[in-house]
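First up is the structure itself, then whatever we jot down about it.
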């Protein structure tokens, strides 16, 4: 086939990958890694748990589907009409898997040999859905048990309770697996409806990195990909107000110490700006609450946090959040102390020398991560769906200034846009009986 192969080069270290817009509609990203023995391939649809309302150009109106259907569909694609996909991977020696996130559904394999045969399996089964009333009913039972187990996970419960505090309308607050009630509404017809809308090659990406031959990968794609019509998928606009739904959630659970998730709801970003804000916020978090910070060491010394304390920048389409989590005998005190430290730093300012150390460390981590095949494949995929280039990771980080991070104290830590989710232990009476 005739198509343009674009080579994207990292001018800082000479790394490169190939980008192809295949005639079938699929975007293909290939990163040949000289000297490595493994290969990882990710075949992904830009379709996740937040996509419960959508419209194709040939639909008269928006379609609404049950919560959890993207995750349900991921499970079902592994069963085709002839056999289980994992049986096919077993013959090539590849390790197959899949995951559904808030915004993506990804099917993958990793292997040290026979990548060509494994790639054919991957491309083939994802393009051949097979759903029946019997198989859907069976899966409803399996995923129903998975949902129940998730309800018994206090960390997961605390996280989603926080998202329900932060967001009024955004579907990111909905558990990826859905509920037992929502998945009971799923039918083969709804699965095909979602598949035909989102598993369109124009809405998908193949990212593959490792010990491979670029031309061989493209030849396999030529033979296996089924050309698709671009239906110009339209996801509904999320009307999310600039306020939190509630400032606090408290729930009882059989835990030893209270768990907490503290979140700050920020303005959402896109593309290159999103990448810069993520770098800026992650550096700021390290300066404010990293294990060398005053806040962290004071809280540790006072017994208010322990080694479970962590933080992250959590973002996606229409949302951007700073989240700090862990265990504490006094979660409300931890929240207050974080806000007090932010106010102190607004007055005293951050330490420029510490900023330089954290930035250099982050830069080094990116360079080192290029030695990981699965990380390289993930970089390819995630950057594509974010609308940026893989090597922009380094470029954007170089542009982050001390002043950017200092301004982040005001931009990312608005106390009025924050919330806390607490999981408290169930108390016991003198006879050892639990009291809710």
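If I filter the stretch 340-350 down to residues being surrounded by 15 or more Cβ atoms within 10 Å (Cβ to Cβ) and touching a residue at least 60 places away in the same chain (Cβ under 8 Å), which single residue comes out as farthest from residue 295 (Cα to Cα)?
350
Of the residues making up the stretch 364-387, just one is touching a helix residue (DSSP H, G or I) at 6+ places or on another chain (Cβ under 6 Å), assigned to a helix (DSSP H, G or I) and touching a residue at least 24 places away in the same chain (Cβ under 8 Å), namely 366. Which residue is surrounded by the most Cβ atoms within 10 Å (Cβ to Cβ), if the candidates are limited to the stretch 121-160 and must be touching a strand residue (DSSP E or B) at 6+ places or on another chain (Cβ under 6 Å) and closer than 30 Å to residue 259 by Cα? Checked the stretch 121-160; the qualifying residue surrounded by the most Cβ atoms within 10 Å (Cβ to Cβ) is 158. Please verify whether residue 118 is closer than 27 Å to residue 27 by Cβ and in contact with a strand residue (DSSP E or B) (Cβ under 6 Å, 6 or more places away or on another chain), treating the condition exactly as stated. Answer is yes for this residue. Working carefully through the options 76, 57, find the one that is in the same structural domain as residue 211 (by TED's automatic domain parsing), under 30 Å from residue 318 (Cα atoms) and surrounded by fewer than 17 Cβ atoms within 10 Å (Cβ to Cβ). Result of the check over 76, 57: 57. Within the set 395, 368, 415, 360, the sole residue that is under 30 Å from residue 36 (Cβ atoms), modelled with pLDDT of 95 or more and either within 26 Å of the chain's Cα centre (by Cα) or assigned by TED's automatic domain parsing to the domain that holds residue 34 (or both) turns out to be 360.
Against the test of being over 17 Å from the mean Cα position of the chain (by Cα) and closer than 21 Å to residue 25 by Cβ, the options 211, 200, 169, 164 yield a single qualifying residue, 200. Checking 47, 99 one by one, the residue that is closer than 30 Å to residue 169 by Cβ, assigned by TED's automatic domain parsing to the domain that holds residue 184, within 23 Å of the chain's Cα centre (by Cα) and surrounded by fewer than 21 Cβ atoms within 10 Å (Cβ to Cβ) is 99 and no other.
Quick check on residue 194: is it under 23 Å from residue 103 (Cβ atoms) and either in a helix (DSSP H, G or I) or in contact (Cβ under 8 Å) with a residue 60 or more places away in the chain (or both)?
yes
The values are calculated or read from the model by the stated rules, or taken from the named source; none is laboratory data. Keep in mind that this is a model prediction, so the values were computed, not measured. All Cβ positions, glycine included, derive from the backbone under ideal geometry; neighbour counts span all protein chains shown.
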